[in-house]
Amino acid sequence: MEDQSGAYKSLGGVGKTISIVGWVVMGIGVVFAIRFPFHEDGKWIAVPILLMFGFFVIISGQVISCFVAVARNTETTNNILTRQTELFNNILTKQTELLEIKTIEKGKRKE
């Protein structure tokens, strides 16, 4: 089994970077909300636009990070199940061999 723990490092970094950019945009939106109160000429419209845009950028970064986590967890689960299946097959093979030996010994005793 291959070790692919670093297989999604770049994509995970992209997700984190996008989330950070979203938080920066949200911060700028908050600064605009403080700097340009709602009573000033048209500048206030930037506040809800920046906040919504920042929110959606954060969400997109989090979705990418979520996909990376799902991919890593799926790979880990697959590796664990593969090892458990191999172990079960080894145990089953040994049990079958023991049963065959006992059957042969019983046959020899009857003769």
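Just a few scattered comments:
- Test for Val68: is it surrounded by 14 or more Cβ atoms within 10 Å (Cβ to Cβ) and at pLDDT 80 or above: yes
- Scan of the range 43-83 for residues that are β-branched (Val, Ile, Thr) and either touching a strand residue (DSSP E or B) at 6+ places or on another chain (Cβ under 7 Å) or closer than 22 Å to Ile20 by Cα (or both), ordered by number: Val47, Ile49, Val57, Ile58, Ile59, Val63, Ile64, Val68, Val70
- Meets criteria (among the aliphatic types (A, V, I, L, M), touching a residue at least 40 places away in the same chain (Cβ under 8 Å) and surrounded by 13 or more Cβ atoms within 10 Å (Cβ to Cβ)) for Val14: yes
- Just one of the listed residues (Ile18, Ile34) is modelled with pLDDT under 85 and part of a helix (DSSP H, G or I), and it is Ile34.
- Any hit, the range 7-15, residues being outside any helix (DSSP H, G or I) and either touching a Leu at 6+ places or on another chain (Cβ under 6 Å) or at pLDDT 75 or above (or both): yes
- Of all residues in the range 37-56, those satisfying the criterion of being among the aliphatic types (A, V, I, L, M) and at pLDDT below 80 are Ile45, Ala46.
Residue-wise test of (1) of a type in the set (A, V, I, L, M); (2) within 19 Å of the chain's Cα centre (by Cα).
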{"residue": "Ile59", "(1), (2)": "yes, yes"}
{"residue": "Gln62", "(1), (2)": "no, yes"}
{"residue": "Ser65", "(1), (2)": "no, yes"}
{"residue": "Val68", "(1), (2)": "yes, yes"}
{"residue": "Glu75", "(1), (2)": "no, yes"}
{"residue": "Ile80", "(1), (2)": "yes, yes"}
{"residue": "Gln84", "(1), (2)": "no, no"}
{"residue": "Asn89", "(1), (2)": "no, no"}
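- So Ile28, is it closer than 30 Å to Ala7 by Cα, among the hydrophobic types (A, V, I, L, M, F, W, C), surrounded by 12 or more Cβ atoms within 10 Å (Cβ to Cβ) and in contact with a helix residue (DSSP H, G or I) (Cβ under 8 Å, 6 or more places away or on another chain): no
The values are calculated or read from the model by the stated rules, or taken from the named source; none is laboratory data. Bear in mind the structure is a predicted one, so any value in this text is a computation, not a measurement. Here Cβ is always computed from backbone atoms with ideal geometry, including for glycine, and neighbour counts include all displayed protein chains.
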